[in-house]
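*Asks:* This structure is in structure tokens; I'll ask about it shortly.
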Amino acid sequence: MTILCVIPVRGGSKGVPGKNIRDLGGLPLVAWTIRSALAAEADLRVLVSTDSPEIREVALEHGAEVPFLRPSELAEDLTPSEPVIEHALSHHRAEAGEPEGVLFLQATSPLRFPGTLDRAVDQFRATRVDSLVGVVPVTPFLWRYDAEPSKEAPTGHPVADYDVYARLRRQDMSRIDLRYRENGSLYLTRPGIYDRLHNRIGGTVGLFELDDLEGTDIDTELDFTLAEQLVARHAKALGNDGAATTAAAAPSSADRPGGRR
């Protein structure tokens, strides 16, 4: 069955104006995600949801479908992603029926290794989860506040989310010791979850592990600069221009930058 792949790309970016079509390593930012999706062996319908005629032309040029311009009420600064995905899902259902799943890809996480999306689809099908969430493994050395500042504790109460008296070395940590940061790169969800919960995550949840490099997220000018450096350094591992052709081109975890050794 077809998996609907939705790439939401709004024209009114505030943090980095025009970032979605800004050049990154010789390609508009959104083209990296489009090309990765089109290169997957899985049956993906690659659809860009945008309110911008300019972005629409760029997306069409790089092979995505853009069958509509998103309504203005779904392209405001505070518009959540879920209504945008549901709008695209409704359009797909009217045209082609029920998809097997909805793959939500964010253009602001442009770096994916060849084969990553096929690996996600394979995991989704093999585990039969309701939603699959892209994550990056991180160390558990995190702190939080368990209360708001008060007269007795002007800075609040800092609490460690790990045992400070049994601090493990990174190389000694198992997958149970690690934490998994949701980076927004991809979500693969059964359509019924959107219908019932209006959420990209629900039901039985699976974690899809991404490499550190694939965890790159662009939200600021500094993020964009760092992404440019990563693209220049790791172009071959990324499939040169993001248009992955075979999973064999992806480096092993030991060879990848930041990979677990």
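Read-outs: derived from the displayed coordinates by stated rules, not from any lab. Keep in mind that this is a model prediction, so the values were computed, not measured. Positions of Cβ are generated from backbone atoms using ideal geometry, with glycine treated the same way; all protein chains shown enter the neighbour counts.
*Asks:* Which one, Thr116, Thr216, Thr225, has the greatest fluctuation when you compute a Gaussian network model over the chain with C-alpha springs under 10 angstrom?
*Replies:* Highest fluctuation among the options: Thr225.
*Asks:* Expressed as an acute angle from 0 to 90° and rounded to the nearest 10, what is the orientation of the C-alpha long axis of helix 221-234 relative to the principal long axis of the chain?
*Replies:* 80
*Asks:* When the Karplus curve 6.51 cos²θ - 1.76 cosθ + 1.60 is applied with θ = phi - 60°, which whole-Hz ³J(HN,Hα) does each residue of segment 92-98 get, with x for Gly and Pro?
*Replies:* Those phi angles translate into 5, 4, 5, 8, 9, x, 7 Hz.
*Asks:* What's the magnitude of the charge dipole for the chain around its Cα centre, counting Lys and Arg as +1 and Asp and Glu as -1 at the beta-carbon? Answer in Debye, nearest 20.
*Replies:* Charge dipole, the chain, about its Cα centre: 680 debye, nearest 20.
*Asks:* Taking square-rooted eigenvalues a ≥ b ≥ c of the alpha carbon gyration tensor, is segment 77-179 rounded, prolate or oblate, where a/c under 1.5 means rounded and, failing that, a/b exceeding b/c means prolate?
*Replies:* oblate
*Asks:* Right, next: Rounded to the nearest 500 deg cm²/dmol, what is the calculated helix-only ellipticity per residue at 222 nm for the chain, with -39500 (n - 2.57) per DSSP H run of length n ≥ 4?
*Replies:* -8000 deg cm²/dmol, from helical runs alone.
*Asks:* State the label only: which of (1) -0.30, -0.71; (2) -0.42, -0.85; (3) -0.35, -0.76 corresponds to log10 I(q)/I(0) by the Debye sum over Cα atoms at q = 0.08, 0.12 Å⁻¹ computed from the shown model?
*Replies:* Given (1) -0.30, -0.71; (2) -0.42, -0.85; (3) -0.35, -0.76, the calculated one carries the label (3).
*Asks:* Relative contact order of the chain, please, whole-number percent, based on alpha carbon pairs below 8 angstrom and at least 6 residues apart.
*Replies:* RCO, the chain: 25 percent.
*Asks:* Further question: To the nearest 10 degrees, how steep is helix 29-39 against the longest Cα principal axis of the chain, on a 0 to 90 scale?
*Replies:* Once rounded, one gets 70 degrees.
*Asks:* Hey, what angle do you get for helix 116-127 against the long axis of the chain, alpha-carbon based, 0 to 90 degrees rounded to 10?
*Replies:* It is inclined by approximately 80 degrees.
*Asks:* Can you give me the Cα centroid spacing of segment 54-114 and segment 135-157 in angstrom?
*Replies:* A separation of 36 Å, based on Cα centres.
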